[in-house]
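So the structure is just underneath, and the comments pick up after that.
The values are calculated or read from the model by the stated rules, or taken from the named source; none is laboratory data. This is a predicted model, so every value here is computed, not measured. Please note: Cβ atoms are built from the backbone with ideal geometry, for glycine as well, and neighbour counts cover all protein chains shown. Calculation scope for accessible area: heavy atoms of the full protein, side chains included, ligands and nucleic acids excluded. Shrake-Rupley method; radii C 1.70, N 1.55, O 1.52, S 1.80 Å.
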Amino acid sequence: MQIKCNVLDRQFRLHQKEYEEAALRVLRSGWYVLGTEVEKFEEEFAAYTGRKYCVGLNSGLDALIMSVRALGIGEGDEVIVQANTYIATVLGITENKAVPVFIEPDEYFNMDAQKIEQAITPKTKAVMVTHLYGQASNMNLIAEIAGKHQLALIEDCAQSHGACFDGRMTGSFGISGCFSFYPTKNLGAFGDAGAVVTDNKEFADKLRMMRNYGSRVRYYNEIEGLNSRLDEIQAAFLRVKLKYIDELNDERRRLAAAYDIGIRNDKIILPKVRDGANSIYHQYVICCREREELQKFLQEKDIQTQIHYPIPPHLAECYRHLGHKKGEFPLTERYAQEVLSIPIYTGMTDTEQQYVIAQLNEF
Ligand SMILES: *Cc1c(COP(=O)(O)O)cnc(C)c1O
């Protein structure tokens with residue numbers, strides 16, 4: 001049996017008719033970028049996350065870059081970020097010439113809130129928190145610390161659509177909740193897409209201008225903008241999937257629970273969820289000291305796995321100029337050596353999952 005890490009066509013087939021109708025509706029409408037589908041999706045997604053405004057954008061990376069920029073954070077400013085996040089989180093900072101100040105994660109792979117205060121300097125302007133692998137971070141404490149030091153709080157929710165801390169949606173704690181709708185994300189479109197959610201009208205208005213060449217009225221350019229517009233067809237697809245996102249997340253939770261119960265191997269450490277937090281299991285990430293051997297073993301059994309992420313940003317080639325050294329963030333670097341994401345996707349069958357579990361237990 002061959003098991004892939006991601007099987008995207010099954011979630012398409014699950015609601016195929018609705019996606020096809022949405023596509024035809026847009027194709028026949030004669031309006032393809034920033035129109036009524038985008039407006040409706042923005043309303044619906046703002047409501048889903050419990051926020052007043054949503055601004056649809058081109059990608060999750062744009063949501064991060066533009067949030068930092070719209071907050072006036074730039075050259076010489078520092079932004080605190082967890083060292084084990086995806087490179088895009090850090091690019092959101094460095095694309096604005098601001099400096100990422102890395103801190104170690106906790107045992108849940110999320111930002112270690114206890115490490116924030118010691119990283120604050122007079123130059124610190126914001127805390128950027130990633131709800132990694134789909135689990136909500138320790139948000140009450142993080143929001144409290146950010147508030148106490150008057151730092152902007154930006155949430156990278158690219159992996160956490162619908163995940164909550166203390167019953168409150170990720171993306172609703174900071175001034176900016178940044179989402180990606182890249183096809184592999186839990187709320188994935190069928191192409192690139194992203195959004196920011198916020199309660200701050202001024203901030204939302206600025207992003208709206210910024211995404212469309214810096215103009216509110218066409219050809220009257222108030223600020224130096226970008227092109228980060230959301231397509232109507234992607235917004236229409238997202239409106240379909242948003243109706244089912246809780247069901248889709250529940251399915252992943254059931255799959256995760258079956259892994260929790262089924263995997264019995266002393267060499268493998270299972271992921272944990274913090275009290276008060278929940279996870280939408282964007283990834284199901286195990287740890288193993290013999291990770292390379294395990295990955296090879298599974299490959300031989302035709303089971304695909306992925307590593308999120310093999311090289312932490314502070315050691316990435318592109319950030320060599322930041323001058324970080326190996327050994328500076330031991331926990332982050334250990335995770336990079338030991339984490340392995342095993343298959344979890346919409347429509348994964350019992351037979352497929354039991355096969356994966358059996359092989360993991362045999363290793
Ligand atoms: C996917 C992802 C992004 C970037 O989103 P794109 O839509 O691909 O630009 C940012 N941060 C995290 C944590 C991600 O997983």
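Scanning the stretch 115-141 for residues that are within 16 Å of the ligand (Cβ to nearest atom) and closer than 18 Å to Val68 by Cα yields Ala126, Val127, Met128, Val129, Thr130, His131. For the stretch 78-95, give me each residue that is within 10 Å of the ligand (Cβ to nearest atom), β-branched (Val, Ile, Thr) and crowded, with 19+ Cβ neighbours inside 10 Å. Matches in the stretch 78-95: Thr85, Thr89, Val90. Please find, among Phe165, Phe179, Phe173, the residue that is within 13 Å of the ligand (Cβ to nearest atom) and of a type in the set (Phe, Trp, Tyr). Just one listed residue meets the conditions, Phe179. With respect to the conditions (1) touching a strand residue (DSSP E or B) at 6+ places or on another chain (Cβ under 9 Å); (2) away from the ligand (no atom under 13 Å from the Cβ); (3) over 23 Å from Lys243 (Cα atoms); (4) among the polar types (S, T, N, Q), Gln150 lacks only one, and its number is (1).
Scanning the stretch 96-133 for residues that are aliphatic (A, V, I, L, M), open to solvent by less than 20 Å² (accessible area, probe 1.4 Å) and in a strand (DSSP E or B) yields Ile103, Met111, Ala126, Val127, Met128, Val129. The C-beta contact set for the stretch 213-237 (first residue closer than 18 Å to Thr36 by Cα and at pLDDT 95 or above, second residue basic (Lys, Arg) and open to solvent by less than 30 Å² (accessible area, probe 1.4 Å), distance under 7 angstrom, 6+ apart or interchain) comprises Ser228/Arg211; Arg229/Arg211.
Within the stretch 179-209, being of a type outside the set (D, E, K, R) and either free of Cβ contacts under 8 Å to residues at least 12 places away in the same chain or part of a loop (DSSP other than H, G, I, E, B) (or both) holds for Phe181, Tyr182, Pro183, Thr184, Asn186, Leu187, Gly188, Ala189, Phe190, Gly191, Ala193, Asn200. Kindly indicate whether Asp156 is within 10 Å of the ligand (Cβ to nearest atom), modelled with pLDDT of 95 or more and not small (Gly, Ala, Ser). For Asp156, the condition - within 10 Å of the ligand (Cβ to nearest atom), modelled with pLDDT of 95 or more and not small (Gly, Ala, Ser) - is met. Residues in the stretch 27-77 that are aromatic (Phe, Trp, Tyr) and within 16 Å of the ligand (Cβ to nearest atom): Phe41, Phe45. From the list Ile116, Ile65, the one residue that fits, being of a type in the set (A, V, I, L, M, F, W, C), over 17 Å from Gly194 (Cα atoms) and in contact with a helix residue (DSSP H, G or I) (Cβ under 7 Å, 6 or more places away or on another chain), is Ile116.
Looking at the stretch 163-176, which of the residues that are more than 11 Å from the chain's Cα centre (by Cα) and assigned to a loop (DSSP other than H, G, I, E, B) is surrounded by the most Cβ atoms within 10 Å (Cβ to Cβ)? Please lay out each step first, then the result.
First pass over the stretch 163-176, keeping only residues more than 11 Å from the chain's Cα centre (by Cα): 164-169, 172-176.
Keeping just the survivors that are assigned to a loop (DSSP other than H, G, I, E, B) gives 166-167, 172-175.
On the way: Asp166: 12, Gly167: 7, Ser172: 18, Phe173: 22, Gly174: 27, Ile175: 18.
Result: Gly174.
Take the stretch 248-264 and flag every residue that is of a type in the set (A, V, I, L, M, F, W, C) and more than 22 Å from the chain's Cα centre (by Cα). Correct list: Ala258, Ile261, Ile263. Scan the stretch 204-244 for residues that are within 18 Å of Val7 (Cβ to Cβ) and surrounded by fewer than 20 Cβ atoms within 10 Å (Cβ to Cβ) and the total you get is 1.
Taking the numbered list (1) within 24 Å of Ile233 (Cα to Cα); (2) within 16 Å of the ligand (Cβ to nearest atom) in turn, Thr198 passes all entries but (2).
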